[in-house]
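Shown next, in structure tokens, is the structure this report addresses.
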């Protein structure tokens, strides 16, 4: 009795390969350092050959730039998603943002390490046109716009310029992530939300 030949496993799509390589790069670069890790290391961690890295990103610098874009976009999506319910109480949205970011600290430990690695490289190089700094500026601008939108929708007065609040949010988020990884007990789960509520929890004017 003849049997049909076994079907070959479907090849991953280009998007799936790219996603796997970005995830592998985030982990490998965070744990070994960008300069110390090779593209062979990244490819092996993703289950592909180095050729897959070149065909998707062109070079190591291209991979790093794509990784910066990917992680910054994910950070922004996470933050905006946490405050998307405009019908929720204003202070509640701020607490939800802090809580969501804190949850992300724990789930994405490699991202904190990678952020520090990229920050160090950017600062040491002195290049103001690096992919890391450019995307940080874009992130800050996007957060600024979101802050203006949410304060406006709530009818709340800004306690300081929206751009400064955006920078403060980024600094608090990064700083508390570092402290939480070093000593989890020093950063309670709701600390970031409480601090943000104290600092930027504007109160809508009474009717």
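A few notes on this one:
- Counted residues, region 152-166 - those being surrounded by 16 or more Cβ atoms within 10 Å (Cβ to Cβ) and under 13 Å from residue 140 (Cα atoms): 3
- Across region 89-128, the number of residues qualifying as farther than 26 Å from residue 147 by Cα and outside any helix (DSSP H, G or I) comes to 2.
- Residue list for region 5-20, restricted to those being surrounded by 14 or more Cβ atoms within 10 Å (Cβ to Cβ) and more than 16 Å from residue 111 (Cβ to Cβ): 12, 17, 18, 20
- Qualifying positions in region 153-168 - assigned to a helix (DSSP H, G or I) and either assigned by TED's automatic domain parsing to the domain that holds residue 26 or modelled with pLDDT of 85 or more (or both): 162, 163, 164, 165, 166, 167, 168
- Residue-level check: of (1) in a loop (DSSP other than H, G, I, E, B); (2) crowded, with 19+ Cβ neighbours inside 10 Å, residue 143 misses just (1).
- Within region 182-194, considering residues that are touching a helix residue (DSSP H, G or I) at 6+ places or on another chain (Cβ under 6 Å) and in a helix (DSSP H, G or I), the one surrounded by the most Cβ atoms within 10 Å (Cβ to Cβ): 192
- Qualifying residue in region 70-88 (condition: on the phi < 0 side of the Ramachandran plot, at pLDDT 85 or above and assigned to a helix (DSSP H, G or I)): yes
The values are calculated or read from the model by the stated rules, or taken from the named source; none is laboratory data. Nothing here was measured: the structure is a model prediction, and the numbers come from that model. Virtual Cβ from ideal backbone geometry, glycine too; neighbours counted across all protein chains shown.
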